[in-house]
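The structure under discussion appears below in the form of structure tokens.
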Amino acid sequence: MAKAIGVDIGGTGIKAGIVDLEHGTMASERVRVPTPEGASPQDVLNAVQTVLKTLDVEGSDLPLGVAFPAIVKRGKTLSAANVSKEWIGFDAEQFFRTGLGRSIVFVNDADAAGVAEARHGAARDVAGLVLLTTLGTGIGSAFLYDGVLIPNSELGHLNFREFESVERWAATSAREREDLSWEAWAERLQAFYSHIEFLFSPDLFVVGGGVSKNADHFLPLLDLQTPIVPAIHRNNSGIIGAASLAGD
Ligand code: BGC
């Protein structure tokens, strides 16, 4: 069985697992540590080392994909909404290569989730434009056209009302911070999704992130022209997509 390792660094947790590349499924337990306070590069690297150790793959030569919650261009992180500002303009891929002593593939977290769902999940064989959004600490987005990723979209940072970034108002973190009911939160999601529906006319919305396991509580409340479905791999999509890209 062809396998690879996926690590998904998020604003709240760092998750990892071994992935069966043929089926796009988890081939190990999922391990998780909390994202270190402040999420500085060195602390995040240490946490990644911890999850790899727990998975017992430190010395392994399986391909390794790492997904990160920022714009990633040519190995550099160019933004930092929910992690330390030290990541802005930082040669993150090289930093992880040196720190882990091995080659890696380094990508945006939502893009990784989008690739997983396009190859092995809710967006498989969907023609046209699929918009995957992850609703977590922030809002991540992935654009896939006929299954091909158009990387580094940042729909969570659309200006919205008085908010510089709509994710401050509509992410899961906002629901938790403000203790919103599913109905109250769904009203915000309605505003967000109907806006991006108008802007991009997608063929399918896929909703990822940890909250996708509670999709029944809020997806039926949304009124959109476009079908909207939860990510099949739920909160494992980032791990699976990062591993899948590393295995290419
Ligand atoms: C970041 C994105 C990321 C998303 C989800 C946003 O704040 O700007 O790059 O994909 O959070 O983690």
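The values are calculated or read from the model by the stated rules, or taken from the named source; none is laboratory data. Everything numeric here is computed off the predicted structure, so don't read it as measured data. Note: ideal-geometry Cβ built from the backbone for every residue, glycine included; neighbour counts use all protein chains shown. Side chains are part of the model used for accessible areas, which takes the heavy atoms of the whole protein and leaves out ligands, DNA and RNA. Shrake-Rupley method; radii C 1.70, N 1.55, O 1.52, S 1.80 Å.
State yes or no: is Ala112 among the small types (Gly, Ala, Ser) and in a loop (DSSP other than H, G, I, E, B)?
On the way: among the small types (Gly, Ala, Ser): yes; in a loop (DSSP other than H, G, I, E, B): no.
The answer is no for Ala112.
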Next item on the list: Could you check how many residues of the stretch 151-178 are away from the ligand (no atom under 14 Å from the Cβ) and not in a loop (DSSP other than H, G, I, E, B)?
Entry: 3
Check: Considering the stretch 44-54 alone, what residues qualify as being in contact (Cβ under 8 Å) with a residue 40 or more places away in the chain and open to solvent by 20 Å² or more (accessible area, probe 1.4 Å)?
Finding: Gln49
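Quick check on my filter: what residues within the stretch 55-84 are free of Cβ contacts under 8 Å to residues at least 60 places away in the same chain and either buried (at least 20 other Cβ atoms within 10 Å of the Cβ) or over 19 Å from the mean Cα position of the chain (by Cα) (or both)?
Passing the criteria: Leu55, Asp56, Val57, Glu58, Gly59, Ser60, Asp61, Leu62, Phe68, Ala70, Thr77.
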Notebook entry, point to check: Can you tell me which residues in the stretch 87-123 are away from the ligand (no atom under 16 Å from the Cβ), more than 13 Å from Ala246 (Cα to Cα) and open to solvent by 20 Å² or more (accessible area, probe 1.4 Å)?
Noted result: Asp91, Gln94, Phe95, Arg97, Thr98, Gly99, Leu100, Gly101, Arg119, His120, Ala122
Next item on the list: For the stretch 136-150, enumerate the residues that are touching a residue at least 24 places away in the same chain (Cβ under 8 Å), more than 9 Å from the ligand (Cβ to nearest atom) and of a type in the set (A, V, I, L, M).
Entry: Leu144, Leu149
Check: When only residues in the stretch 52-66 that are outside any loop (DSSP other than H, G, I, E, B) and farther than 14 Å from Val19 by Cα count, which is nearest to the ligand (Cβ to nearest atom)?
Finding: Thr54
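Just to be sure, is Val7 farther than 23 Å from Val211 by Cα, in contact (Cβ under 8 Å) with a residue 40 or more places away in the chain and within 16 Å of the ligand (Cβ to nearest atom)?
no
Evaluate the stretch 160-178: report whether one residue or more is closer than 15 Å to Ala231 by Cα and open to solvent by 50 Å² or more (accessible area, probe 1.4 Å).
So the first thing to find is which residues in the stretch 160-178 are closer than 15 Å to Ala231 by Cα, and the list is none.
No, the conditions are met nowhere in the stretch 160-178.
For the stretch 191-218, give me each residue that is open to solvent by 20 Å² or more (accessible area, probe 1.4 Å) and touching a strand residue (DSSP E or B) at 6+ places or on another chain (Cβ under 6 Å).
As a first pass, look at the stretch 191-218 and keep what is open to solvent by 20 Å² or more (accessible area, probe 1.4 Å): 191, 194-195, 197-201, 203, 210, 213-214, 216-217.
Once the filter is applied, which keeps residues that are open to solvent by 20 Å² or more (accessible area, probe 1.4 Å) and touching a strand residue (DSSP E or B) at 6+ places or on another chain (Cβ under 6 Å), the stretch 191-218 yields only Asp203.
The rows are residues; the columns are (1) touching a residue at least 24 places away in the same chain (Cβ under 8 Å); (2) more than 18 Å from the chain's Cα centre (by Cα); (3) at negative phi.
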{"site": "Leu158", "(1), (2), (3)": "yes, no, yes"}
{"site": "Ser165", "(1), (2), (3)": "yes, no, yes"}
{"site": "Arg177", "(1), (2), (3)": "no, yes, yes"}
{"site": "Arg188", "(1), (2), (3)": "no, yes, yes"}
{"site": "Val206", "(1), (2), (3)": "yes, no, yes"}
{"site": "Val211", "(1), (2), (3)": "yes, no, yes"}
{"site": "Ala215", "(1), (2), (3)": "no, no, yes"}
{"site": "Phe218", "(1), (2), (3)": "yes, yes, yes"}
